[in-house]
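A quick write-up on the structure given underneath.
The values are calculated or read from the model by the stated rules, or taken from the named source; none is laboratory data. Nothing here was measured: the structure is a model prediction, and the numbers come from that model. Cβ placement follows ideal geometry from the backbone for every residue including glycine, while neighbour counts extend to all protein chains displayed.
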Amino acid sequence: MDNFDIDDFKYVKFEATKEQLKILEELIVRKAPETDFHKFLEKNREIFSFALHSYQTGHHGSLVISKQNIKPHLKLNSSKGLIPDFLVGGDSSDGYSWWVIEIKGANDLIFPLT
């Protein structure tokens with residue numbers, strides 16, 4: 001991650017509003033495409049902070065970073081890296097716990113049957 005201020009990504013609001021959760025539910029019910037979910041989550045990052053409490057992290061805040069390129073620094077590796085939908089870090093007394101989030105549309109299978 002080059003040239004960014006980590007405070008630009010910090011969210012300390014732990015609770016999503018009932019309205020945010022209602023909109024998320026509506027996206028699921030109408031089987032919205034991935035892009036709709038991504039746009040919603042970019043604008044409503046509190047959803048991630050809210051979810052972190054299930055994992056007992058994020059008490060000191062959370063980081064939500066969209067579309068960040070992840071590339072290993074190995075010179076032997078010619079991979080262009082990965083660009084997940086979100087990187088989410090929960091800040092707690094033990095430091096950060098990180099999750100790589102890949103969004104799919106409500107109609108997409110997570111584990112396709114072959």
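Within the stretch 53-67, the set of residues being in contact with a His (Cβ under 9 Å, 6 or more places away or on another chain) and in a strand (DSSP E or B) comprises S66 only. Of the residues making up the stretch 53-68, those that are at pLDDT 80 or above and either on the phi < 0 side of the Ramachandran plot or in contact with a helix residue (DSSP H, G or I) (Cβ under 7 Å, 6 or more places away or on another chain) (or both) are S62, L63, V64, I65, S66, Q68.
Checked against (1) under 24 Å from K18 (Cα atoms); (2) at pLDDT below 85; (3) not in a helix (DSSP H, G or I), V88 passes all but condition (2).
Using the structure shown, decide if K31 is at pLDDT 80 or above, over 15 Å from the mean Cα position of the chain (by Cα) and not in a helix (DSSP H, G or I). Here the answer is yes, as K31 does meet what is asked.
Here is the figure for the stretch 16-65: residues that are touching a Leu at 6+ places or on another chain (Cβ under 8 Å) and hydroxyl-bearing (S, T, Y) total 1. Residues in the stretch 40-60 that are farther than 15 Å from W99 by Cβ and surrounded by 17 or more Cβ atoms within 10 Å (Cβ to Cβ): F40, N44, E46.
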